[in-house]
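For reference, the structure discussed in these notes is given below.
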Amino acid sequence: MIRRRGRSQSIYHIVEKDADVDEDEHIDIQESSEKVAAMDGKFFEQFIALRFADGEAGQDTFKPIQDSSANNNSAIDFTQCRGIYKDISRPTHKEAEFFYKSALITINQRLGVNYEMKDLPNAQLFKYAQETLNVNPQEHEALLERVSNSLPPALIMVVDVISAKGLLAKDSNGLSDPFCVLGIVALWRENTSEGGKHKMSHSRHDLLLDHASKDSLCVTEVKEKTLCPTWREQFRFDVGDVNNEQLQVEVWDHDEDSSVGQLIKKNAGDVSNLKGMGRFFKEIAQSAKKDGKNLDDFLGWVTIPLNTISSQGLECSFPLQSRGKSKVEGELKLKLQLALKKDAPKASTEAMGATHQYLWYNFTHHEVCDNAMTEYRWSGQLPPAPRAVLHQLAQQQQLPEIYQLASQWIAYSQQCVLPRLDLNVMLSIITGITNLWDKGPPDEQMVTYLHKSCSEFVEHSMRMLQKQHEAFPFRDTQAVLQLHLLLRCMVLIKQLSEKLSWGIFKENVKDLITDAIKTSTKDWCEKQILLCEEVHEAKKNILFQDDEDFEGDDGEETEESKKVAILVNLIENMINHVKVQIRQPSIIYKKAFDIDFTMLIHTELADKIMAEIKDVVSRVGKLSRNDSHQTAIALFSLFLAVRGFHTAADRSYRSDLETKNYHMVFKKSVEQWFELARSKARARIQKAVEVDEVRLVDSMVKHSSSAVDATTTFVQIKEFWTKLNWPDKNGAYVFVAKVTDDIRQGAVDYANIIHRKLNENKFYDDEGRFDVTDQLCIAVNNIEQVRRYLSSLPVQLDFERVLDGLLIEHGSVGSEQCGLTLHTMLASADEDMLNVIGKVVRHVGQKMEPDFRKYTAPLMSAPPESNLDDVITPLMEYLDSNLITLHSCLLKANFQRILEELWLVVLNILKEMVNSGYKTLNQHPLIGQRMHDAYDVIGNFFHAEGKGLPMKVIECQAFKEAMGKLGKFGTSTKRLIEDYLMARGMQQEAANQSDSPLGTLTIKCNYKQSQQKLRVRVMNATQIRPMDDNGLSDPYVIVYLQPHHVFPQTHFQKTQVIKKTLHPLFDETFEFNVPNNQVLSYGATVHFVLMDYDFLKNDFGGEAYLQINDVPGVHGKKSKNLGEESPILLHLLPGVTKEDEAWMYVQTLKERSSDKEAAEFLKLHKIK
């Protein structure tokens, strides 16, 4: 008997409770797994632990190697830059003296208010100019004295009347016709009164018409019918004393009927110059004084003291002021600028432009180069002193903005300035130059210098681009911005060069930049190789420092492994480079010059990678089982890195890269790896079983460590394949087939090793008592657990994707054939493993069979009157006890297999008992009934209301036959006869659906309840079997009502013999007196027997059965006349055989040799 685990339970409750969990056993599982992994140096674990790049992964896949330039503002030492720009032409002594004198005049004649520089005394500015321009003290004093003693240049006021808005409506149409009168007037005029006091020369409400000098008045055009006029007219006024004069602008509404309007119409044509304008306004003033009522409507005025105007000039909107109590609204926009008066404007502009350029150049050189500026990305902001001089010069000489920008560009383009400059400054300058060029270019010499500086800027830019990985580190956002600014500058220079036919770009600019990118990439790549080598050595040194005995996983690092490791680091750095670092530069290049920067970088790096990996893979050579697996791991890392690099490329150009067939370089290495993995997997499985203590962990985990180790090994092989992600479709199938075969073979090996271990542990020995132990159950569970993993392989290895990849080249037939091969391999392994499980399960059944025989014997041997419960209880307790034990230790699938095997064992034992006990069972129907009920009880026990075996397994063919036999042993002879007739009736119905070799019989039949008569008309037979020598027959039909115990008063009737025919026509009608209560009896049948008449002995030709229950009129419905009934076609049956279901009843009746009724029935049916 099997040893019990826990208290007794019924099988119904088996699945409701499991064994408790021992937490310490989890630790043992992990320890044994560590032992297995350690045997090969954690070969598989190291592969799975590899971090690899995936082109579709996120940005944080890698932590790239950081080189020293990452923390620098720039990787180039700009102090070593020489010859980037040549100096502009050095001025002659006379020119230098002119430039210096101009600077002194500018300083001495400071115009306007500049709050930023108001604290800069002239002496400080003189000193700065002297030091910067290298003028000796004597020459400086002499020039300064000359400047101080010379007459100061005349000043002018430049006024731009731009627009007005929000004016009052003075006309009846709700609008106005505004115009402006403007002029320079004195703030004070000294008049001494009798009291000796000073007073203002005019009232604050005086109009220009009242007190302005005739030479200081100007007037704009009249803008008709508007409250928001726009003039954009410029006027120039001579300035006498900045501190005592102001600009006054008046806005008027022109009236055609006023005296002013009449004077304008009358005298407008006579005004030809400023003097004429004075006379014109004098007349206007005289006319206005005669009658103020006729004066044009006043709209407001503004006054601006000249000493409040800044040196930068002033442009803003001024609110209009009222005169007295007059109402005004709106504002007037003006632009104001103080400047020096020029005698020859054009010549003066060119001379002062040259001066401005000279000063900008020298001031900048002094601040940046002479003072050794260390600032990186300089904003271009000069100190206050030089800014003040340059600003005053530009404002005093009214230098056009394009001159100022050109001077600044040339100054900032110096060799020592540009590398330190924030290129945003250069972009702003070149943008301004480009925008202003059409409004008026600078003079010829300035254009020449500008052309030269732009050419040198382009040359410098190309040098920078050739080293852009260092000059503009892509991890530095500000550096990338500088690259963006540089390219935008080049775009504008290109446009300017094409516009002015400078020919700065001798070749196609796109090609030049492309070559520069390639050069920079190659240079970067070489430096990265050196950097990776340094990092690799540093890491190794750290490991040695941490562990003096460290020699790597398998001894000294080989040169090939070192080369591979360095190359992996390099490629990982490249991946980060192309995926993350160059993203922004790519956008910049695309927008500036329509260059696919990422593609260029990827292409250059791909060429380098392929050259390197071909070399290193060829040097590594063939892997063998005795080799260090360090090289194998290194190669796999390299493969993953190269794949990550390739898949990181955009799909639009990925197929054009040199790395497109990268996988073929590794094909042989991958094949060797699988061979190595297969041998290591086998060794692991063997080791796993050896160290397995075969202990049950808990009710939820019913396998042991060896199953975990085996499936883990398979998972790791699968993970390797997943990471491999072989891109070649044909190759992918070959490799997935290899992986499938390796795992399949490993699983079968594991099952065989487990089974062999059971043999070694004497599981199959016949000696001693048999006990189902934990070890036995876990062994079977281990095999099942590994088998389960095997069934998941089609999904784990993604068969569907691999097979879909074969459709294009091999079509559906080829793909299906390959799929069949894969599934056949798995099916074969599954069958092998099930066979091993089956051997164990069958042996369990064999071992338990003696106990089953012992506990089932009383079912037959006990006295007939013994109660079933008393007889069967020992058997049920035995089953209950042992199945609980099995369930607590077995996986559900294995428990089901054990249940099914034990059920078959019990079923076979009972079958033998029935077959050998026919005589006893026939003689004692009570024993037969007890056996029948025992079958049912045992079957229900194994079914356990759906928690055990399914009913389709319980009610197998053997079960049905046994139940049928047992049912008959406890059944009366009459019932057996009735069951026989019912079975033949069902056989008749089935035969009527197909052709019969014995022919057919056509009859009509009905029952008249009122007369209690059954009428049978035998019409004809067709295609009956020839039974005479002449090939014909002499047929006739006998009609019986069966069974005899139901119809004891009726006798058979028969037709006439029809001679020599196979298609006899009988057409005879027979009547039987049948009471109503008899026609509905169970088994009531009309039995037709076709005979062949013969002189010596009549021959049997076939028979047919008609259930009386199916005859028209039996169930109360009014029947037709017999002639009107539909004919019934009956296919003739042969006599009953052993293959027929009815034979079981015949067999039982034959066993009742002493039963007269049974004997007569068998005789009637000619059954021996």
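Bear in mind these aren't lab numbers, they're just calculated from the coordinates by the rules spelled out. What you see is a predicted model; the values in this text were computed from it and never measured. When we count neighbours, we look across all protein chains shown, and the Cβ atoms used for this are built from the backbone with ideal geometry, even at glycine.
Going 7 Å from the Cα of K327 in the Cα-to-Cβ direction, what parts of the range 143-186 have a backbone nitrogen less than 20 Å from that spot?
Within reach of a label on K327: 165-178.
What is the sum of charges, Lys and Arg at +1 and Asp and Glu at -1, for the other residues whose Cβ falls under 12 Å from the Cβ of E139? Walk me through the intermediate numbers first.
Values: positive: K101, R146; negative: E97, E141, E145.
Overall, the nearby charge balance is -1.
Along each of its three principal axes, how wide is the spread of alpha-carbon positions in the range 845-971, in whole angstrom units, largest first?
Principal axes ranked by extent give 46, 26, 25 Å for the Cα atoms.
Convex hull over the alpha-carbon atoms of the range 974-1164: what's its volume per residue in Å³? Present the calculation step by step, with values, prior to reporting the outcome.
Values: hull volume 23.8 nm³, N = 191.
Here the figure is 125 Å³ per residue.
For the range 471-493, list residues with backbone N below 16 Å from a point placed 7 Å from the Cα of R583 toward its Cβ?
Taking a point 7 Å out along Cα→Cβ of R583, the residues of the range 471-493 whose backbone N falls under 16 Å are 474-478, 480-481.
Would you mind ranking R984, R654, R232 so that the residue whose beta carbon has the fewest other beta carbons within 10 Å leads the list? Present the calculation step by step, with values, prior to reporting the outcome.
On the way: R984 25, R654 17, R232 11.
Taking fewest neighbouring Cβ atoms as first place, the list is R232, R654, R984.
Want the number for N867 to N725: 0.36 nm per residue separation, take away the alpha-carbon distance, what's left? The partial results should precede the final answer.
Numbers: separation 142, 0.36 × 142 = 51.12 nm, distance 7.02 nm.
Contour length minus Cα-Cα distance gives 44.1 nm.
Find how much the distance from S679 to H1044 grows on full extension, using 0.36 nm per residue of separation minus their present alpha carbon separation; answer in nm with one decimal. Could the numbers behind the result be given before it?
Details: separation 365, 0.36 × 365 = 131.40 nm, distance 7.95 nm.
Length gained, S679 through H1044: 123.5 nm.
Say the dipole of the range 435-487 comes from +1 at the beta carbon of Lys and Arg and -1 at that of Asp and Glu; which of Q468, L485, T448 then lies farthest toward its positive end?
Selected residue: Q468.
Would you please give the FRET efficiency between A142 and D438, computed as 1/(1 + (r/R0)^6) with r the Cβ-Cβ distance and R0 = 51 Å, to the nearest 0.05?
Values: r = 44 Å, r/R0 = 0.86.
With R0 = 51 Å, the Cβ-Cβ based efficiency is 0.70.
Show me the ranking of peptides 917-927, 96-106 by mean Cβ neighbours inside 10 Å, starting with the highest. Mind showing how you got there, number by number?
Values: 917-927: 17.7, 96-106: 21.2.
Per-residue Cβ counts within 10 Å, averaged per peptide and sorted highest first, yield 96-106, 917-927.
In whole angstrom, how far apart do the alpha carbon centroids of the range 310-332 and the range 1056-1080 sit?
Going from one Cα centre to the other spans 138 Å.
How much length, in nm to one decimal, is gained on full extension between H451 and S379, taken as 0.36 nm per residue of separation minus their Cα-Cα distance?
On the way: separation 72, 0.36 × 72 = 25.92 nm, distance 2.35 nm.
Once the chain is fully extended between H451 and S379, it gains 23.6 nm.
I need the semi-axes of the equivalent ellipsoid of the range 428-505: take the C-alpha gyration tensor, multiply each eigenvalue by 5, square-root it, list largest first in whole angstrom.
Semi-axis lengths for the range 428-505 are 27, 13, 9 Å.
Between N915 and E459, with labels modelled 7 Å along Cα→Cβ, what's the label distance in nm to one decimal, could you check?
Taking the two extended label points, one gets 11.1 nm.
How would you order 929-938, 837-846, 857-866 from highest to lowest mean count of nearby Cβ atoms within 10 Å?
Numbers: 929-938: 20.2, 837-846: 17.5, 857-866: 15.1.
Listed from highest to lowest mean packing, they are 929-938, 837-846, 857-866.
What are the ³J(HN,Hα) values, in whole Hz, obtained from phi via the Karplus relation 6.51 cos²θ - 1.76 cosθ + 1.60 with θ = phi - 60°, for each residue of the range 820-837 in sequence order, with x given for Gly and Pro?
Those phi angles translate into 4, 4, 4, 5, 5, 4, 5, 5, 5, 5, 4, 5, 4, 5, 5, 5, 5, 4 Hz.
List S520, S652 from most exposed to least, where exposure is judged by having the fewest other Cβ atoms within 10 Å. Please report the intermediate quantities before stating the final value.
Values: S520 22, S652 9.
In order of increasing Cβ crowding within 10 Å: S652, S520.
Tell me, what ³J(HN,Hα) does each residue in the range 153-166 have, in order and in whole Hz, if you take phi through Karplus 6.51 cos²θ - 1.76 cosθ + 1.60 with θ = phi - 60° and put x for Gly and Pro?
Taking θ as phi minus 60°, the curve returns x, 5, 9, 10, 10, 9, 10, 10, 8, 8, 6, 9, 8, x Hz for the range 153-166.
Can you flag which of K563/K718; K439/K591; K467/K590; K702/K854 are past 23 Å Cα-Cα? Don't skip to the end; give the middle numbers.
Numbers: K563/K718 28 Å; K439/K591 28 Å; K467/K590 19 Å; K702/K854 32 Å.
As for pairs spanning more than 23 Å Cα to Cα, those are K563/K718; K439/K591; K702/K854.
In nm, to one decimal, how far is the modelled label at D241 from the one at V937, with both set 7 Å along Cα→Cβ?
14.2
Might you report the magnitude of the Cβ-based charge dipole of the range 845-971 about its Cα centre, with Lys and Arg at +1 and Asp and Glu at -1, to the nearest 20 debye?
In debye, rounded to 20, the range 845-971 gives about 400.
Give me T1022, T713 ranked fewest to most by other Cβ atoms within 10 Å of their Cβ, as a rough exposure proxy.
Working: T1022 13, T713 26.
So the ranking, lowest neighbour count to highest, is T1022, T713.
For a 23 Å ceiling on Cα separation, which of these pairs sit above it: K494/K608; K1060/K1097; K1054/K1163; K974/K1150; K494/K527; K839/K965? Present the calculation step by step, with values, prior to reporting the outcome.
Working: K494/K608 33 Å; K1060/K1097 16 Å; K1054/K1163 18 Å; K974/K1150 13 Å; K494/K527 32 Å; K839/K965 31 Å.
Check vs 23 Å cut-off fails for K494/K608; K494/K527; K839/K965.
Based on alpha-carbon atoms only, what is the radius of gyration of the range 1033-1103 relative to the globular estimate 2.2 N^0.38 Å?
On the way: Rg = 14.0 Å, N = 71, 2.2 N^0.38 = 11.1 Å.
For the range 1033-1103, the normalised Cα radius of gyration comes out at 1.26.
What FRET efficiency would be calculated for the residue pair L151, T226, taking the C-beta separation as r and a Förster radius of 45 Å, to the nearest 0.05?
On the way: r = 46 Å, r/R0 = 1.02.
Computed FRET efficiency for L151 and T226: 0.50.
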